[in-house]
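One structure below.
The values are calculated or read from the model by the stated rules, or taken from the named source; none is laboratory data. Just so we're clear, the structure is a prediction, and the values are computed from it rather than from any experiment. With ideal geometry, Cβ positions are generated from the backbone for all residues, glycine too; neighbour counts draw on all protein chains shown.
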Amino acid sequence: MKLVVVGGVAGGLSFAARMRRLDESAEIVVFEKGPYPSFSNCGLPFYVGQEIPTRESLLLNTPQSLKAKLNLDVRVNHEVISLDANAKTVQVRGADGSIFTESYDKLMLSPGARAARPPIAGLDSPRVHTLRTVDDAQQIVGLADCAKSALVIGGGFIGIETAEALAHRGINTTIVEGSDHVMPPLDLEMAHLVTGALQSLNINVIAKTRVTKIQHFPAHDLAELSNGQCLEAGLIVLAAGVTPATEPFVAAGVKADERGYIEIDQHGRTNLPDVFACGDAVTQQTGVTGQARPVALAGPTNRTARLIADFIADPESARPLPKPISTSIFRVGPMTVAQTGANRAELDARGIAYRTIHTHPTDHGTFLPGAQPMQLMLHFAATDGRILGAQGIGGNGVDKRIDVIATALKAGLSAPDLIDLDLAYAPPYSAAKDPVNFLGYVAENVLRGRLKLWYAEEAAHLDPATPILDVRPVPEFNAGHLQGARCIPLTELRSRLDEVRSWADGKTVYLSDDSGANAWLAQRILEPAGINAKVLSGGVNTVFAYYFDNPGAVLEM
């Protein structure tokens, strides 16, 4: 059997290596458009930031090492330019520019994606670079050695990590993001905390804005923004999304969506016989909403490639491709940001009824010095409590909690099932009620109707006559509270119930505090006394995050 693989790196080479382990006799040819068949894409920003000291550290395998270890015929600087599915051949442009035809029995497409190029006048400036390859990184490093200022266009994974890398080198760096906030997959309150973390690194963030024009000058470039600003930059990094590199295959009849992403079935098959696909250039049905979309993450790509090889080698026993839940993580200075599953926008778009809770735990017991705060958010189905998504930001331990929740989501657990997870505990690592267990406690109270919530987004739209009761001590209340709120500390609440009853006058009392914990206790005091009450999810801490750009709209400080 002869297998031809289009593209190396995570998808193509994972497939080729697995095929070799399953079939020693197969002829396996890999065509890689660039000079490096196997390198760490995810490590590129860390090389730019000098945390990875040498470019050689990014290179994982060479054609020679792959031949020696796996007997793979890896040809770099070879671009597949067309496909004839009837003849089962591809046309290839070789390193010398010549064009030849290669036959196959099975064809794996892993062409990846290239940086999107929005319609910006002057984008061809020599100071504008993408960060997709080792050579891209090398060029950026060359400019960074003498640049005093840098502009990063796009605030996604690559944009944020590159901005941090440039700031680490002492370069005055600005991110311009066209969406409402950086990291669009995050919900607003979490994304705003990322903005705050970036600002703490002296990175300027300009959201809801686009670069409209770039002018090239001898000493710098000048970027004009849609908000009227102009920014000087000695280096511009274009990180405004990607476009699938699938044109030759779509032209040959491979079915794709309107953006060019290849559609595959549960075993990685395209609509053409013996043609498979994986990686950044395909769509997969996601595990939470069922929506078909690209999932450009290294872990899912490696797993998909392996399972496709399993199917080709033994179709009867191969497992279907898992539905990805998009678990991801990145760093901003000392902060870790992680997420799994769906966000609000995805759930709303699919009409899925859900509830959301916010908590503000520490990574370990506060009685042991060094406890670091984190903020966790959990979405779960309003009907049966099925876990739908989670996001977290903070110091130590965020990665652990999101990974645990991702496992629970994959297993189909409900939010209250988190209560019963038997997680490792010792004071340096957690609290006896781990933050994951605690999310389960809160979710169970919500689902059972014990805990009634209201949310930060409601604060800007409340009727002025709404009774808002803050149950923190007076000094904490005075440091910042919701407009129109009245302060009655929790310790005084039982003795002042008549005052609350008279003031509320039959209306539902909207409770607030710092994180929601004491407001929950207040609700349990008020409701037996005949006073309806709701608790602000995540407390004023979440309000500060939600209204990060304009806290004065809802808070008095």
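Worth a mention:
- Filter result for H379 (farther than 19 Å from A197 by Cβ, of a type outside the set (A, V, I, L, M, F, W, C) and at pLDDT below 95): no
- Matching residues in region 500-557 - criterion: being part of a strand (DSSP E or B), in contact with a helix residue (DSSP H, G or I) (Cβ under 7 Å, 6 or more places away or on another chain) and either β-branched (V, I, T) or over 21 Å from P373 (Cα atoms) (or both): V509, L511, A533, V535, L555
- Scanning region 40-61 for residues that are part of a helix (DSSP H, G or I) and either touching a strand residue (DSSP E or B) at 6+ places or on another chain (Cβ under 9 Å) or more than 25 Å from V4 (Cβ to Cβ) (or both) turns up C42, G43, L44, P45, F46, Y47, V48, R55, E56, S57, L58.
- Qualifying residue in region 385-408 (condition: surrounded by fewer than 24 Cβ atoms within 10 Å (Cβ to Cβ), out of contact with any Gly (no Cβ under 9 Å at 6 or more places or on another chain) and closer than 22 Å to W520 by Cα): yes
- Of the residues making up region 165-182, those that are surrounded by fewer than 24 Cβ atoms within 10 Å (Cβ to Cβ) and touching a residue at least 60 places away in the same chain (Cβ under 8 Å) are H168, R169, I171, G178.
- Scan of region 263-286 for residues that are in a loop (DSSP other than H, G, I, E, B), buried (at least 18 other Cβ atoms within 10 Å of the Cβ) and touching a Pro at 6+ places or on another chain (Cβ under 8 Å), ordered by number: T286
- Test: residue in region 341-351 that is within 16 Å of the chain's Cα centre (by Cα), surrounded by 17 or more Cβ atoms within 10 Å (Cβ to Cβ) and either assigned by TED's automatic domain parsing to the domain that holds E189 or assigned to a loop (DSSP other than H, G, I, E, B) (or both): yes
- Taking (1) without any contact (Cβ under 8 Å) to a residue 12 or more places away in the chain; (2) outside any loop (DSSP other than H, G, I, E, B) in turn, F31 satisfies each apart from (1).
- Filtering K67, K106 for residues that are over 30 Å from H168 (Cβ atoms), in contact with a helix residue (DSSP H, G or I) (Cβ under 7 Å, 6 or more places away or on another chain) and of a type in the set (K, R) leaves a single hit, K106.
- Scanning region 519-557 for residues that are more than 26 Å from I393 (Cβ to Cβ) and among the polar types (S, T, N, Q) yields a total of 2.
- Which numbered condition T466 fails, given (1) in a helix (DSSP H, G or I); (2) more than 30 Å from R401 (Cα to Cα); (3) β-branched (V, I, T): (1)
- Residue identified as part of a loop (DSSP other than H, G, I, E, B), among the hydrophobic types (A, V, I, L, M, F, W, C) and surrounded by 14 or more Cβ atoms within 10 Å (Cβ to Cβ) among L107, L123: L123
- Within the set A223, A313, the sole residue that is more than 27 Å from I387 (Cα to Cα), in contact with a strand residue (DSSP E or B) (Cβ under 6 Å, 6 or more places away or on another chain) and modelled with pLDDT of 95 or more turns out to be A223.
- Qualifying position, being within 24 Å of the chain's Cα centre (by Cα), of a type outside the set (A, V, I, L, M) and assigned by TED's automatic domain parsing to the domain that holds F276, among F100, F39, F31, F15: F39
- Among residues of region 298-316 being polar (S, T, N, Q) and either assigned by TED's automatic domain parsing to the domain that holds V404 or surrounded by 20 or more Cβ atoms within 10 Å (Cβ to Cβ) (or both), the one that is farthest from L201 (Cα to Cα) is T304.
- Among (1) among the small types (G, A, S); (2) in contact with a helix residue (DSSP H, G or I) (Cβ under 8 Å, 6 or more places away or on another chain); (3) not in a strand (DSSP E or B), the one test that A406 misses: (2)
- Qualifying residue in region 284-298 (condition: in contact with a Gly (Cβ under 6 Å, 6 or more places away or on another chain), among the hydrophobic types (A, V, I, L, M, F, W, C), modelled with pLDDT of 95 or more and within 16 Å of M108 (Cβ to Cβ)): no
- Among residues of region 355-390, those that are small (G, A, S), out of contact with any His (no Cβ under 9 Å at 6 or more places or on another chain) and part of a strand (DSSP E or B), counted: 1
- Residue within region 62-73 that is outside the structural domain of A147 (by TED's automatic domain parsing), more than 15 Å from A309 (Cβ to Cβ), in a loop (DSSP other than H, G, I, E, B) and not polar (S, T, N, Q) present: no
- Output for region 365-420, where each listed residue is free of Cβ contacts under 8 Å to residues at least 12 places away in the same chain and not hydroxyl-bearing (S, T, Y): P369, G370, A371, K400, A411
- Checked against (1) closer than 22 Å to A298 by Cβ; (2) surrounded by fewer than 21 Cβ atoms within 10 Å (Cβ to Cβ); (3) at pLDDT below 95, P37 passes all but a single condition, namely (2).
- Any hit, region 322-329, residues being in contact with a helix residue (DSSP H, G or I) (Cβ under 6 Å, 6 or more places away or on another chain) and assigned to a helix (DSSP H, G or I): no
- Per this entry, S65 is counted among residues that are surrounded by 15 or more Cβ atoms within 10 Å (Cβ to Cβ), over 17 Å from P248 (Cβ atoms) and more than 31 Å from the chain's Cα centre (by Cα).
- Annotation note: Cβ proximity below 7 Å between a residue of region 89-105 that is under 13 Å from V29 (Cβ atoms) and a residue that is surrounded by fewer than 16 Cβ atoms within 10 Å (Cβ to Cβ) and among the basic types (K, R) (sequence gap 6+ or interchain) occurs for S103/K2; Y104/K2; D105/K2.
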